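J.: First the structure, then my questions, so here it is.
The values are calculated or read from the model by the stated rules, or taken from the named source; none is laboratory data. This one's a predicted model, so the numbers in the text were calculated from it and none came from an experiment. Glycine also receives a Cβ, built like all others from the backbone with ideal geometry; neighbour counts cover every protein chain displayed.
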């Protein structure tokens with residue numbers, strides 16, 4: 001597996017965002033229009049949280065809340081789990097597994113939102129290899145003296 005593939009090499013750019021004061025109804029309309037599964041929620045242009053289709057179903061529809069009155073800030077997942085654009089894709093796979101998420105917003109060194117990386121993006125780079133990427137990323141946590149034994 002190539003060690004030189006970075007998150008920035010396979011992320012999706014042009015992330016869909018929505019201000020935190022907007023309603024869930026507006027978020028759902030934007031999800032439908034853009035045909036994406038999530039929206040990054042911003043507060044004064046800073047990424048603050050994420051809302052997914054699943055959030056809308058579980059946190060609004062199933063509870064009988066009114067999407068036209070419920071703000072996205074009320075249902076967004078926060079704090080936002082992010083990854084640096086320069087990190088190896090293996091780190092993204094491990095972070096997704098650790099936090100039980102399917103996507104990670106990507107930030108640059110100045111903590112600006114520059115993209116999003118999803119499980120599908122990872123599979124596009126390494127079809128069928130997500131498990132191997134997670135295991136390789138876990139090996140980084142193993143003491144050096146144990147790594148040689150694990151690789152045999």
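J.: Checking residue 95 against (1) crowded, with 18+ Cβ neighbours inside 10 Å; (2) free of Cβ contacts under 8 Å to residues at least 24 places away in the same chain; (3) over 21 Å from residue 118 (Cα atoms), only one condition comes out false. Which one?
T.: Here residue 95 meets the rest and fails (3).
J.: May I pose another question? Mind telling me which of the residues 3, 84 ends up being within 29 Å of residue 123 (Cβ to Cβ), buried (at least 16 other Cβ atoms within 10 Å of the Cβ) and either in contact with a helix residue (DSSP H, G or I) (Cβ under 9 Å, 6 or more places away or on another chain) or modelled with pLDDT of 95 or more (or both)?
T.: After applying the criteria, what remains is 84.
J.: Just one of (1) out of contact with any strand residue (DSSP E or B) (no Cβ under 8 Å at 6 or more places or on another chain); (2) at pLDDT 95 or above; (3) closer than 27 Å to residue 108 by Cα trips up residue 9, so point out which.
T.: (2)
J.: Report yes if residue 59 is touching a helix residue (DSSP H, G or I) at 6+ places or on another chain (Cβ under 6 Å), in a helix (DSSP H, G or I), at pLDDT 90 or above and at negative phi, otherwise no.
T.: So residue 59 fits the description; yes.
J.: Can you confirm whether the stretch 35-54 contains a residue that is closer than 17 Å to residue 117 by Cα, in contact with a strand residue (DSSP E or B) (Cβ under 7 Å, 6 or more places away or on another chain) and assigned to a loop (DSSP other than H, G, I, E, B)?
T.: yes
J.: Here is a check on your reading of the model: is residue 125 farther than 18 Å from residue 15 by Cβ, within 17 Å of the chain's Cα centre (by Cα), surrounded by 12 or more Cβ atoms within 10 Å (Cβ to Cβ) and touching a residue at least 60 places away in the same chain (Cβ under 8 Å)?
T.: Judged against the criteria, residue 125 is a match.
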